[in-house]
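> The structure's right below; bear with me while I get my questions together.
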Amino acid sequence: MTHFLHLTDLHLSVGNNHQAKADLLARISDAIPGLRIPPDFVVISGDLADRGDADSYGALRPMIDAFPVPVVLALGNHDRRAGFHGAFGDAAHDGPHDHDTVLAGLHVITLDTAVPGRVAGALDAGQIDWLRAALARHAELPKLIVAHHPPMTEPGALPWTCLDAQSTEALATALTGQQVVAILSGHIHMNRFSLWRGVPLVVSSGLHSTIDPLYDAGLRIREGASFAMVRLVGTDLSVHFVPVLPEGRELGVIEAARLRAFG
C-alpha cells in the first residue's frame, strides 16, 4: 500500500499572506504523524508562490523542510523558475523544472507545464523527449505523474484551464502502454476526479481559494482550502478530499465501535 498527500496552489506571498500560509502548512505537516496511516510522501503541484519572487521561495523553503516526509514540488504559471531555483535548486538554472524520483514503490515524474507569460499550460518537444526517457528509467515501477495544468478533458474547455490540445495529445501518446496510477494536477482551484484516456486524474482545489462549480455566468471565487489523501492498494486507488478552510463546526461524533455495529 502507498499513501500520499496531494497539496497544490499555495500562492505564498511575503508581505501579504505569509503567516496565514505558514500556519496552514504547519497544521498539515503537524497532523501527519498522527494520521492512522501516515503518508509516504507529499506532492505540491505548483503555484507555490503567487508572484514568483525570490523572497517568497526563501520563506517557503523552511516550511517545506519541516514536513516529516519527502515533499515533491512542481511549478505552475504563477511560479518563476529563477526565483524557485535560487531557493530550492541550482540558481543558474532557468529551464523547466522536470524531475523524477522513486518513492514508496512509485516512480514519481514531475513535469513543468508553465509557459512564461501565459496562464495556460504546455509541454514542448524537448520535455516530451525527456518524459519518454524518464518513463524508461524504472520500467518495472508504476508511474505517478505530477503536472500543474491538467490535460484537456473536454474539447470545449476554456484554453487557460489546462494543457493545450497539442500538449495533451503528446502527453497521451507518451503515456500509452505505461502503468500510470494517476495524474495529480491543480491550477483550476476545484476538487475534481475524472478519467482521462483511462488514467485517473486527480485535481485538488488547493490551499488558496476555491471556485464555485455551480456558477456559470463567470468565475465565482470562494474562501476554501483543501488537499487530497490518496491511497493505492495494488491497482485500487482511493481519493479523499480534506477541507481545512473554513473550519467547519462539529455537529457530532459517532464512536468507532458504534460505526462497526451498523448493518
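The values are calculated or read from the model by the stated rules, or taken from the named source; none is laboratory data. Being a predicted model, the structure only gives us computed values, none of them experimental. In this analysis, Cβ positions are derived from the backbone assuming ideal geometry, glycine residues included, and neighbour counts consider all displayed protein chains.
> Within the range 235-257, which residues are farther than 28 Å from Ala26 by Cβ, among the charged types (D, E, K, R) and part of a loop (DSSP other than H, G, I, E, B)?
Listed by number, the list holds a single entry, Glu255.
> Scan the range 18-30 and report the pairs whose first residue is over 16 Å from Ser56 (Cα atoms) and whose second residue is part of a helix (DSSP H, G or I) and of a type in the set (Ser, Thr, Tyr), with Cβ atoms within less than 9 Å and a gap of 6+ or a chain change.
No pair meets every condition.
> Now a separate question. Hey, among Ala20, Ala31, which residue is more than 21 Å from His189 (Cβ to Cβ) and surrounded by fewer than 18 Cβ atoms within 10 Å (Cβ to Cβ)? So that I can check it myself, show each step before the final result.
Numbers: Ala20 fails: more than 21 Å from His189 (Cβ to Cβ).
Exactly one of Ala20, Ala31 is more than 21 Å from His189 (Cβ to Cβ) and surrounded by fewer than 18 Cβ atoms within 10 Å (Cβ to Cβ), namely Ala31.
> Go through the range 99-119 and give me each residue that's assigned to a loop (DSSP other than H, G, I, E, B), at negative phi and surrounded by fewer than 19 Cβ atoms within 10 Å (Cβ to Cβ). Can you show your working first?
Residues of the range 99-119 that are assigned to a loop (DSSP other than H, G, I, E, B), as a first pass: 104-105, 112-113, 115-119.
Among the residues that remain, those that are also at negative phi are: 112-113, 115-116, 118-119.
Matches in the range 99-119: Val115, Pro116, Arg118, Val119.
> Here is a further query. Can you tell me which residue in the range 43-66 is nearest to the chain's Cα centre (by Cα), limited to those that are buried (at least 20 other Cβ atoms within 10 Å of the Cβ) and part of a loop (DSSP other than H, G, I, E, B)?
Out of the qualifying residues, it is Gly46.
> Within the range 1-30, track down each residue that is under 24 Å from Leu237 (Cβ atoms) and at pLDDT below 95.
Once the filter is applied, which keeps residues that are under 24 Å from Leu237 (Cβ atoms) and at pLDDT below 95, the range 1-30 yields only Met1.
> Identify, please: which residue in the range 69-88 is under 16 Å from the mean Cα position of the chain (by Cα) and outside any loop (DSSP other than H, G, I, E, B) and is, among those, surrounded by the fewest Cβ atoms within 10 Å (Cβ to Cβ)?
Val71
> May I ask you to say which residue of Arg137, Arg192 is over 30 Å from Ala20 (Cβ atoms) and either surrounded by fewer than 22 Cβ atoms within 10 Å (Cβ to Cβ) or of a type in the set (Gly, Ala, Ser) (or both)? Show your work before the answer.
Values: Arg192 fails: over 30 Å from Ala20 (Cβ atoms).
Testing whether each residue is over 30 Å from Ala20 (Cβ atoms) and either surrounded by fewer than 22 Cβ atoms within 10 Å (Cβ to Cβ) or of a type in the set (Gly, Ala, Ser) (or both) leaves just Arg137.
> Then there's this: Which one of these does Ser167 not meet: (1) assigned to a strand (DSSP E or B); (2) crowded, with 21+ Cβ neighbours inside 10 Å?
(1)
> Could you list, in sequence order, the residues of the range 221-232 that are at pLDDT below 95 and either of a type in the set (Val, Ile, Thr) or touching an Asp or Glu at 6+ places or on another chain (Cβ under 8 Å) (or both)?
Ile221, Arg222
> Just name the residue that is farthest from His6 (Cα to Cα) out of those in the range 140-164 that are surrounded by 13 or more Cβ atoms within 10 Å (Cβ to Cβ) and aliphatic (A, V, I, L, M).
Narrowing the range 140-164 to residues surrounded by 13 or more Cβ atoms within 10 Å (Cβ to Cβ): 141-153, 157, 159-164.
Still in the list and also aliphatic (A, V, I, L, M): 141, 144-147, 152, 157, 163.
Working: Leu141: 20, Leu144: 12, Ile145: 12, Val146: 10, Ala147: 12, Met152: 20, Ala157: 24, Leu163: 19 Å.
Ranking the qualifying residues of the range 140-164, first place goes to Ala157.
> Within the bounds of the range 35-56, is there any residue that is of a type in the set (S, T, N, Q), on the phi < 0 side of the Ramachandran plot and touching a Phe, Trp or Tyr at 6+ places or on another chain (Cβ under 8 Å)? First the steps, then the outcome.
Going residue by residue through the range 35-56, those that are of a type in the set (S, T, N, Q) are 45, 56.
Cutting the leftovers down to on the phi < 0 side of the Ramachandran plot gives us 45, 56.
From what's left, touching a Phe, Trp or Tyr at 6+ places or on another chain (Cβ under 8 Å): none.
No: the range 35-56 contains no residue that is of a type in the set (S, T, N, Q), on the phi < 0 side of the Ramachandran plot and touching a Phe, Trp or Tyr at 6+ places or on another chain (Cβ under 8 Å).
> Something else about it: Within the range 126-158, which residues are without any contact (Cβ under 8 Å) to a residue 40 or more places away in the chain and assigned to a helix (DSSP H, G or I)?
If the condition is that a residue be without any contact (Cβ under 8 Å) to a residue 40 or more places away in the chain and assigned to a helix (DSSP H, G or I), then Gly126, Gln127, Asp129, Trp130, Ala133, Ala134, Ala136, Arg137 are the ones that fit.
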